[in-house]
Amino acid sequence: IETLREAPYPIGAAISMGPLRNSEAYRQTVIQEMSSITAENAMKMNFISTGRGEYFWEDADYLVDFAAQNNLRVHGHTLLWYRHTPDWVSGFSGTKEEWIAIMREYIQAVVGRYRGKIASWDVLNEIILDDGTLRPSVWLSNIGLEYIGLAFKFAHEADPNALLFYNDYGHEYSHNRRLATKQLADSLVNAGVPIHGIGLQMHTNTNRSIDDLRYAIMAAATTKLLVHVSELDVAVNPDQNPNATFTEALAARQQESYRAVAQAMLDLPEEQQFGITFWGVSDDNSFMRDNPDWPLVFDSNYQRKSAYRGILQGI
Ligand code: XIL
């Protein structure tokens, strides 16, 4: 294998608009190594939805055009999330029917604009808590439980070919979330809701055992849906020690985590392997760079780290 583009399933990265527009090294790494991209922030509701019926498309369009020019799959992230909700939505007061209407308008505007260009969407992000109960949100409190099925239904109407995911973190440590996710997925499938995959963010760290990482992936696969490791990074300084350094021992341990995740994905039935997405390209554009940390597979100079070799060992 010369680059990750030749991996047996798609490997991708979250993309941030600054370096995408301004750094040739960043762009070249993405073009040469990735098969798939996700917007790190540009498709979140507070970035796109500037008011009811008003949208900011510039960044999302730029990213989708870049993907089309370079033959990259685009994974949309994320239609609804309890964070990154625009102020006009948080402050909206209306009946249940009006809340359903604003949800439908937003989802269908976004999914419809990129119909045929965005292959898959995180429809819902982080809706289950560590204890397995539903997380409070404006959608849950104003619409009730049925908002979950409706969100998938509206997205499916806007692009019947898009693959639709429920994405969350913490499957590698919360058994309650694993169980609740399985129950939710089964009940949605039984009710005929168009859900096609489970996204595991997997913001993890070198203290987490590789068995935990592997188990999270296997448990999600019991739904029989697609499995996407959607936001992978392996922190080496989870305690955020300001004086931490990136030692050889930590690099070796990090490599082992990347190897385990890559292999667990490959061990799934082939038709469930949606792929792995890193949450950033190089260590210096990771959202945890200031912790400080070195959580990704390329270093700040876009050189392959031992973590990259871990991926190669796993596939
Ligand atoms: C993060 C981005 O990386 C940051 O730049 C932003 O400030 C906050 O969101 N789970 C998710 C992602 O689903 O959208 C989050 O991304 C990281 C945690």
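Find the helices (runs of 4 or more DSSP H) located wholly in the range 31-138 whose residues include 2 or more that are more than 16 Å from the ligand (Cβ to nearest atom), under 20 Å from I11 (Cα atoms) and without any contact (Cβ under 8 Å) to a residue 24 or more places away in the chain, and list them.
Here the list reads 58-69.
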| message | Return the residues of the range 90-108 that are loosely packed, with under 13 Cβ neighbours inside 10 Å, under 26 Å from the mean Cα position of the chain (by Cα) and basic (K, R); say none if nothing qualifies. | response | none
| query | When only residues in the range 295-315 that are among the hydrophobic types (A, V, I, L, M, F, W, C) and more than 16 Å from the ligand (Cβ to nearest atom) count, which is surrounded by the fewest Cβ atoms within 10 Å (Cβ to Cβ)? | reply | L312
| For residues in the range 6-30 being surrounded by fewer than 17 Cβ atoms within 10 Å (Cβ to Cβ) and part of a helix (DSSP H, G or I), which is farthest from the ligand (Cβ to nearest atom)? | E6
| said: over 19 Å from the mean Cα position of the chain (by Cα) and on the phi > 0 side of the Ramachandran plot: which single residue out of Q240, Q183, Q255 fits that description? | reply: Q240
| said: Checking the conditions here, which among Y173, Y147, Y166 is aromatic (F, W, Y), at pLDDT 95 or above and within 20 Å of P10 (Cβ to Cβ)? | reply: Y166
| query | (1) hydrophobic (A, V, I, L, M, F, W, C); (2) touching a strand residue (DSSP E or B) at 6+ places or on another chain (Cβ under 8 Å); (3) without any contact (Cβ under 8 Å) to a residue 40 or more places away in the chain; (4) away from the ligand (no atom under 16 Å from the Cβ): which one isn't true of I217, the others all being true? | reply | (3)
| task | Starting from the range 233-251, keep only residues that are in a strand (DSSP E or B), then list their pairs with residues that are at pLDDT 95 or above and of a type in the set (D, E, K, R) whose Cβ atoms are within a distance under 7 Å, requiring at least 6 positions of separation or different chains. | result | A235/D293
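Being within 16 Å of the ligand (Cβ to nearest atom) and either surrounded by fewer than 22 Cβ atoms within 10 Å (Cβ to Cβ) or of a type in the set (V, I, T) (or both) is true for just one of P238, P269, P242. Which residue is that? Before the answer, list the steps.
Details: P269 fails: within 16 Å of the ligand (Cβ to nearest atom); P242 fails: within 16 Å of the ligand (Cβ to nearest atom).
Only one candidate passes the filter, namely P238.
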| said: Looking only at the range 183-207, count every residue that is in a loop (DSSP other than H, G, I, E, B) and within 16 Å of the ligand (Cβ to nearest atom) and tell me the total. | reply: 2
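The values are calculated or read from the model by the stated rules, or taken from the named source; none is laboratory data. This is a predicted model, so every value here is computed, not measured. With ideal geometry, Cβ positions are generated from the backbone for all residues, glycine too; neighbour counts draw on all protein chains shown.
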